[in-house]
Amino acid sequence: MKKYAGRQGSFALQLAEFAEQAKEAVDASLREVIIEIGNSLIRMSPVDTGRFRGNWQFTIEAPAAGTLSAFDPTGAEATARIAGESILFRAGTTAFIVNNLPYAIPLEYGHSDQAPDGMVRITQARFQQIVEEAIRNNQV
């Protein structure tokens, strides 16, 4: 009887370890999706002063309400900010990436020759591909 109980305990431990690894893989995949979506939006954002690129904001549970005073022509600071903040994201919560500058919607709909097809719509069209790649990269 003891051998059987030991094996069962070992199997239960293995299942618990696998479940924890799977949960971590899901969270890592979701964070990778967030980072790639953010990177895509920032990369495709038109640049004049860099204020638009610097205003992409990542939040959890509720969208950001204001704007930032950041000027980030390369997008490096905004990219790093989104990657850093995404560490707090866990499955079951809602993530937002927003740009609240008043000219964000006109830019999305062709106001800039640098991004005539927008940023959000192009990134959204690639969403499934982004998710599939993140899952491949984080398989258990």
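Please treat every number below as a calculation from the coordinates, not as lab data. On a predicted model such as this, the values are computed, not experimentally measured, just so you know. Glycine gets a Cβ as well: all are built from the backbone with ideal geometry, and neighbour counts include every protein chain shown.
For ILE135 and ASN100, FRET efficiency with R0 = 22 Å and r from the beta-carbon atoms, rounded to 0.05? E(calc), rounded to 0.05, equals 0.10. Annotation: peptides 47-56, 90-99, ranked by per-residue average of other Cβ atoms within 10 Å with the highest first, follow the order 47-56, 90-99.
Taking 7 Å steps out from each Cα toward its Cβ at ASP113 and ALA125 produces label points 2.2 nm apart. Scalar couplings 3J(HN,Hα) for the range 117-123, obtained by applying the Karplus form with A = 6.51, B = -1.76, C = 1.60 to θ = phi - 60°, are 9, x, 10, 5, 5, 5, 5 Hz; x denotes Gly and Pro. With R₀ fixed at 41 Å, the C-beta to C-beta distance from ALA80 to ALA16 puts the FRET efficiency at about 0.70.
If contacts are Cα pairs under 8 angstrom and at least 6 residues apart, what is the relative contact order of the range 2-127 in percent? Computed value for the range 2-127: 27 percent relative contact order.
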